[in-house]
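Working notes, structure below.
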Amino acid sequence: MSNSQRVKNPVIGHIALLSSVMLFAANGSVSKSLLLSGIDAAQLSQIRVTGAFVILIVLALIFVRSQLKLKIAELPKFFAYGIIGVALVQYLYFVAINRLDIGVALVIEYTAPVLVALWARFGEKESVKQRVWYALAITLFGLSMVTNIWGGFTLDSIGFIAAALAAISLAVYFVMGEKLVAARAPLAVVTLAFGASTIFWAILEPWWNFDLDLILGETVLFTNSTSTIPTWILVSWMILLGTIAPFFLSFVSLKHLKARTVAIVGTLEPVAASAIAFVLLDESFLAIQLLGGAAVLIGVMLAESAKEK
């Protein structure tokens, strides 16, 4: 039976998808613990993308070697994708969760699908259903509650700006990625993007200036706890179970489920991340933020269903 004739299995798809969501969600608390240990956002971004790239390039050389070749004209496109869609998304997310509760930062960042739907309408001139405007209105209303703007905007300003910029960078990741994977296997695209991001961080943060004691030390995982865990274990978790594994599982889910289903179920990540952060880091939403977060996710789901294609 050929690949195109293989029967899709929704059960496998949903198991893979939910596993991916949970791993991404857990990585929020792991990453914040590393930030609290003294590793700054730029260093942590560099560690994550470089560590992931080392593994991705091995896999890509085995499975999609021929698709790793780039023409000179393609270099600017992939470097832009790697810097904006990978390096900046990671960095801005880490800045945001270092200053905000993880759930709040993710809710703000997860407005990216709404931005993608608006870009489809005005940037690509695609036909978009009327519900996109309801999605935008509900999302903005939800964000006003998450930020508690009526009570005087209680969020850290830098954290909010970082999360908002992360949403824009993530939207770029989706828009550019959709075009790039039309010509190459997803594994090749992700590997090339992470490679460009690795080069970017190597220039900004030369490895010979990195303080290895940050990784060789100990990190407190639970808030209000005196027990510690070797930092390198959390770093390994972030790279393997917080990056490589969920990316792979998301690709598996796309083989069995529609992309729209994957995107909508993916909105569970802020919910799961908040629950995990509540247990590990004692973080929690205010009541108004909880309602606002729910409104934002409803808006995102509406935006995902607004595309005609």
(message) Looking at Ile39, Ile55, can you tell me which residue is more than 24 Å from Thr267 (Cα to Cα), of a type in the set (Val, Ile, Thr), in contact with a helix residue (DSSP H, G or I) (Cβ under 6 Å, 6 or more places away or on another chain) and surrounded by fewer than 16 Cβ atoms within 10 Å (Cβ to Cβ)?
(response) Ile55
(request) Go through (1) part of a helix (DSSP H, G or I); (2) within 15 Å of Gly28 (Cα to Cα); (3) out of contact with any Asp or Glu (no Cβ under 7 Å at 6 or more places or on another chain) and name the single condition Ala277 misses. (result) (3)
(message) So, in the stretch 210-231, how many residues would count as being assigned to a helix (DSSP H, G or I) and either of a type in the set (S, T, N, Q) or out of contact with any Gly (no Cβ under 8 Å at 6 or more places or on another chain) (or both)?
(response) 4
(request) Within the stretch 17-28, count every residue that is surrounded by fewer than 23 Cβ atoms within 10 Å (Cβ to Cβ) and small (Gly, Ala, Ser). (result) 2
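Rundown of residues vs (1) surrounded by fewer than 18 Cβ atoms within 10 Å (Cβ to Cβ); (2) acidic (Asp, Glu); (3) in contact with a strand residue (DSSP E or B) (Cβ under 7 Å, 6 or more places away or on another chain), yes/no style:
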{"position": "Ala188", "(1), (2), (3)": "no, no, no"}
{"position": "Leu192", "(1), (2), (3)": "no, no, no"}
{"position": "Trp201", "(1), (2), (3)": "no, no, no"}
{"position": "Thr231", "(1), (2), (3)": "no, no, yes"}
{"position": "Leu234", "(1), (2), (3)": "no, no, yes"}
{"position": "Phe247", "(1), (2), (3)": "no, no, no"}
{"position": "Val252", "(1), (2), (3)": "yes, no, no"}
{"position": "Arg260", "(1), (2), (3)": "yes, no, no"}
(request) Please give the helices (runs of 4 or more DSSP H) falling wholly within the stretch 8-127 in which 2 or more residues are closer than 27 Å to Ser305 by Cβ. (result) 10-36, 88-99, 102-109, 112-122
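Matching residues to (1) at pLDDT 90 or above; (2) closer than 24 Å to Thr243 by Cα:
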{"residue": "Tyr81", "(1), (2)": "yes, yes"}
{"residue": "Val86", "(1), (2)": "yes, yes"}
{"residue": "Leu100", "(1), (2)": "yes, yes"}
{"residue": "Leu118", "(1), (2)": "no, no"}
{"residue": "Gly152", "(1), (2)": "no, no"}
{"residue": "Phe174", "(1), (2)": "no, yes"}
{"residue": "Leu187", "(1), (2)": "yes, yes"}
(request) Kindly list, by first and then second residue, each pair from a residue in the stretch 197-219 that is over 15 Å from Leu44 (Cβ atoms) to a residue that is modelled with pLDDT of 85 or more and assigned to a loop (DSSP other than H, G, I, E, B), limited to pairs with Cβ atoms under 9 Å and residues at least 6 apart or on different chains. (result) Glu218/Ser37; Glu218/Thr228
(message) Among the numbered criteria (1) out of contact with any Ser or Thr (no Cβ under 7 Å at 6 or more places or on another chain); (2) part of a helix (DSSP H, G or I); (3) not β-branched (Val, Ile, Thr), which one does Ser284 miss?
(response) (2)
(message) I'd like the full set of residues that are closer than 20 Å to Val279 by Cα and among the aromatic types (Phe, Trp, Tyr), limited to the stretch 194-231.
(response) Phe222
(request) Find all pairs meeting these conditions: Cβ atoms under 6 angstrom apart; at least six residues apart or on different chains; first residue within the stretch 164-175 and over 15 Å from Ile108 (Cα atoms) and part of a helix (DSSP H, G or I); second residue basic (Lys, Arg) and modelled with pLDDT under 95. (result) none
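The values are calculated or read from the model by the stated rules, or taken from the named source; none is laboratory data. Everything quoted here is computed from the prediction, not taken from an experiment. Cβ atoms come from the backbone with ideal geometry, glycine included; neighbour counts cover every protein chain shown.
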